[in-house]
Amino acid sequence: MSDTTQISLGARGWMVLLTLCGATFMTGLDYSIITVALPEIGRSLGFASPDALQWVVTGCLLPTAALMPLFGKLSDITGRRRLFIAGVCAFTGFSLLAGLAPVAALLITARVGQGIAAAAIGPTALALMTAAFPEGPQRTRALGVNGALLSLGFVIGTIGGGIVTSGLNWRWTMLILFGIGLLVLVGAATVVQDTRHGRTTRLDVPGAVLASGGLFALVYGITTGGASGWLSTPTLTALIGAAVLLIGFLAAEARHPEPLVPLRLLRRTTVKWGMATGLVTFGMCGGATLLLSIYMQQVVGWTALQTGLGFTAEGVAALAAGSLAARLISARGAASVIALGLAVQGLGTLLMALLPADGNLVLLLGSSAAMGFGHVLTVVAVVTTITSGLEESDQGVAGSLAQMPTFVGAIGVAGLSAIVAARTTALAPTTTQRLATVGGLHLAFLVAGAVVLTGAFVCARALRRSTNLSADAMAA
């Protein structure tokens, strides 16, 4: 059988895939499209300060990161299609509420609701996808399309947010999500089939409380540390509390008969190193993307719309990587593709350290395209690695673990931003503010590229060794 036949998904397969990817695209679009609209939201609803306005983003991010393991387990217990539809319904309804919100408090409430719903959508969509397509070329291709559309959602959100906010107003950024949600609901009700397994389990309530509290505190400390100060009492309290709660979570899981996240999954080399790789690629790509936005707007002087268009090459490269990932993984193996993806992402990020203060469009587009291409290759290979070789009953939990680095990766954004701030402050007395900012950005790009290249060596080598050991065991 040819590779083309093996990878062909069929008409119904494409309908299922587009429905599930549509949900993923919607949640990715949400995070970026609202960021561009923040200044107008602040003026329209009268937010008291930039810190208060930031809760329009943070209010959605925190519950998504905190509740994803819980919803991953619930999907294995209650049925994935049911929870997926409930999540999409809630996300669609809260998007409408956010678009119509007359006051700031109601908008933040709606954003929290969107975050809770996104936590239900992420792992269930991935679990439904891995169940709908058998392990091998079909699943890898489906994951490639999903990874490309997730990245494209972030890029289109950046571009579309500028266009919509400039041409209409910020409310349409949320109303667009409402329209997409309605389309996803139609597909979920007509083509997506349930994949609930026969074994019933009871929910690990202590594990759910400890995991959700620990992840909430961790992401809160990371996302607010830059503004509050990394040594401030609120930040230190959040990070120390996160460490205590997550250690308690691991201890509780070791004793619970039906743990929220079975430790046998966390002990698997493919899972723990896959998550580590995901943290590297998401953290450094997210951080570098934010720094590119600062470079285009604060250094070169582009408008929000021009900045969004500056990410076009990254979006196109993401689509290309998603279409090639399945064939590369089938031919070379996931570990080799992870090494390749991280290497390309790392080299693209290092090239950004050459961006001059007066701008260089060719270098900007080329380096961001390389970063986006390598990032999506890595993401598809990571998700393939984490979800492969598992029982059907574990796919919901595995889906939550595979997506966790997307949100915990905020530590990369915070770390690189701190490097920029420190270097800029050090250079400010001897040069202009613009050149000092460029110096800070250059150092952060160098650090990000070095981290990714180190990850290419360490993580890919560990995963390749694990794959070889598994193959030897099967042969024996």
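The values are calculated or read from the model by the stated rules, or taken from the named source; none is laboratory data. Please read these numbers as outputs of a predicted model, since none were measured by experiment. All Cβ positions, glycine included, derive from the backbone under ideal geometry; neighbour counts span all protein chains shown.
Residues of the stretch 269-294 that are of a type outside the set (A, V, I, L, M, F, W, C) and touching a Gly at 6+ places or on another chain (Cβ under 8 Å): Thr270, Thr277, Gly278, Thr281, Gly283, Gly286, Gly287.
Of the set (1) assigned to a helix (DSSP H, G or I); (2) surrounded by fewer than 22 Cβ atoms within 10 Å (Cβ to Cβ), all apply to Pro356 but (1).
Taken across the stretch 37-56, residues that are hydroxyl-bearing (Ser, Thr, Tyr), surrounded by 18 or more Cβ atoms within 10 Å (Cβ to Cβ) and either out of contact with any Leu (no Cβ under 9 Å at 6 or more places or on another chain) or in the same structural domain as Leu246 (by TED's automatic domain parsing) (or both) do not occur at all.
For the stretch 62-78, filtering for residues that are β-branched (Val, Ile, Thr), surrounded by fewer than 24 Cβ atoms within 10 Å (Cβ to Cβ) and under 22 Å from Arg111 (Cα atoms) leaves 0.
Does the stretch 447-457 contain any residue that is closer than 21 Å to Met275 by Cβ, at pLDDT below 80 and among the aromatic types (Phe, Trp, Tyr)? Looking for residues that are closer than 21 Å to Met275 by Cβ, at pLDDT below 80 and among the aromatic types (Phe, Trp, Tyr), one finds none in the stretch 447-457, hence no.
The set of residues in the stretch 207-227 that are crowded, with 16+ Cβ neighbours inside 10 Å and under 20 Å from Gln54 (Cβ atoms) comprises Leu215, Phe216, Ala217, Leu218, Val219, Tyr220, Gly221, Ile222, Thr223, Thr224, Gly225.
Leu266 meets each of the listed conditions (1) more than 21 Å from the chain's Cα centre (by Cα); (2) surrounded by fewer than 18 Cβ atoms within 10 Å (Cβ to Cβ) apart from (1).
The residue that is surrounded by the most Cβ atoms within 10 Å (Cβ to Cβ), counting only those in the stretch 288-321 that are outside any helix (DSSP H, G or I) and of a type in the set (A, V, I, L, M, F, W, C), is Phe311. Being in contact with a Gly (Cβ under 8 Å, 6 or more places away or on another chain) and over 21 Å from Gly221 (Cα atoms) is not true of Leu53.
Listed here are the helices (runs of 4 or more DSSP H) enclosed by the stretch 29-136 that have at least 3 residues being within 30 Å of Glu258 (Cβ to Cβ): 55-78, 80-100, 104-132.
Checking the stated criteria, Gly283 turns out to be within 21 Å of the chain's Cα centre (by Cα) and not aliphatic (A, V, I, L, M).
Checked against (1) of a type outside the set (A, V, I, L, M); (2) in the same structural domain as Phe94 (by TED's automatic domain parsing); (3) modelled with pLDDT under 70, Gly198 passes all but condition (2). Please work out if Ala339 is under 18 Å from Trp273 (Cβ atoms), at pLDDT below 95 and aliphatic (A, V, I, L, M). Yes: the conditions hold for Ala339.
Checking every residue in the stretch 374-394 against the condition of being part of a helix (DSSP H, G or I), under 19 Å from the mean Cα position of the chain (by Cα) and small (Gly, Ala, Ser) gives at least one match.
Taking Leu328 as the residue in question, decide whether it is crowded, with 17+ Cβ neighbours inside 10 Å and assigned to a helix (DSSP H, G or I).
Yes: the conditions hold for Leu328.
The requirement of being buried (at least 16 other Cβ atoms within 10 Å of the Cβ) and more than 19 Å from Cys459 (Cα to Cα) is not satisfied by Gly274. The residues of the stretch 276-318 that are at pLDDT 85 or above and touching a Leu at 6+ places or on another chain (Cβ under 6 Å), listed by number, are Leu291, Tyr295, Ala313.
Listed here are the residues, each with its yes/no results for (1) of a type in the set (Val, Ile, Thr); (2) under 25 Å from Cys21 (Cα atoms); (3) in the same structural domain as Val382 (by TED's automatic domain parsing); (4) in contact (Cβ under 8 Å) with a residue 60 or more places away in the chain.
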site: Thr224; (1), (2), (3), (4): yes, no, no, yes
site: Pro234; (1), (2), (3), (4): no, no, no, no
site: Leu246; (1), (2), (3), (4): no, no, no, no
site: Phe249; (1), (2), (3), (4): no, no, no, no
site: Glu253; (1), (2), (3), (4): no, no, no, no
site: Thr269; (1), (2), (3), (4): yes, no, yes, yes
site: Gly278; (1), (2), (3), (4): no, yes, yes, yes
site: Gly283; (1), (2), (3), (4): no, yes, yes, yes
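Ile176 meets each of the listed conditions (1) within 14 Å of the chain's Cα centre (by Cα); (2) at pLDDT 85 or above apart from (1). Arg264 falls short on exactly one of the conditions (1) touching a Cys at 6+ places or on another chain (Cβ under 9 Å); (2) without any contact (Cβ under 8 Å) to a residue 60 or more places away in the chain, and that condition is (1).
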